[in-house]
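Chemist: The structure under discussion is supplied below as structure tokens; questions concerning it will follow.
Here, each number is a calculation from the coordinates, and none is a lab measurement. Bear in mind that the values here come from a model prediction, so they are computed numbers and not experimental data. No Cβ is skipped: glycine too gets one built from the backbone with ideal geometry, and neighbour counts run over all protein chains shown.
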Amino acid sequence: MSAKLGQGGFGTVFKAKRISDGKDIALKIVTTREEEVTVESIRTEAGLMMLLKDAENVISCYETFFFNGRHYLSVEFMRYPLRNLIEKMPG
């Protein structure tokens, strides 16, 4: 893992490299302690991302996993902040 990209109520996101191919990814480490909500939230988020994987404006979810007592989501790395894109949208 390298740079911290952001943090929210669900977790913290870091830039990382996927070992298998060296591709840049965003690795979300879930930091909330509400286990039942966390597991369901992870399944929902990952499931929606995978369902919408071919949509132009949805990042890809590569995998989810549990390691050392924490849940992780490995997702597509965006090279620019989403905030920049939103601010350029009309209306």
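Chemist: What is the diffusion coefficient of the range 4-88 in µm²/s, taking the Kirkwood radius over Cα pairs and the Stokes-Einstein relation at 4 °C with a viscosity of 1.567 mPa s?
Modeler: D = 95 µm²/s.
Chemist: Which order do Glu45, Glu87, Glu63, Glu56 fall in if you start with the one that has the fewest other Cβ atoms within 10 Å? Can you show the working numbers first?
Modeler: Values: Glu45 17, Glu87 8, Glu63 12, Glu56 5.
Going from sparsest to densest Cβ surroundings: Glu56, Glu87, Glu63, Glu45.
Chemist: Can you tell me how much longer the chain between Ile19 and Glu87 gets when fully stretched, taken as 0.36 nm per residue apart minus their C-alpha distance, in nm with one decimal? Write down the numbers at each step before the final one.
Modeler: Numbers: separation 68, 0.36 × 68 = 24.48 nm, distance 3.38 nm.
21.1 nm is the gain from fully extending Ile19 to Glu87.
Chemist: Just grab the label-to-label distance for Lys4 and Leu48, each label 7 Å out from Cα along the Cβ direction, in nm (one decimal).
Modeler: So the label points at Lys4 and Leu48 sit 2.6 nm apart.
Chemist: Magnitude of the Cβ-charge dipole of the range 4-88, K/R +1 and D/E -1, about the Cα centre, nearest 20 debye? Mind showing how you got there, number by number?
Modeler: Details: 13 positive and 12 negative charges, 91 e Å.
Approximately 440 debye in magnitude.
Chemist: When only Cα pairs under 8 Å and 6 or more residues apart are kept, what is the percent relative contact order across the range 4-88?
Modeler: Working: 117 pairs, mean separation 20.8, N = 85.
Result for the range 4-88 is 24 percent.
Chemist: Identify all lysines with a Cα-Cα distance to Lys53 below 21 Å; exclude those on the same chain that are fewer than 8 residues away in sequence.
Modeler: Candidates past the 8-residue exclusion: Lys15, Lys17, Lys23, Lys28.
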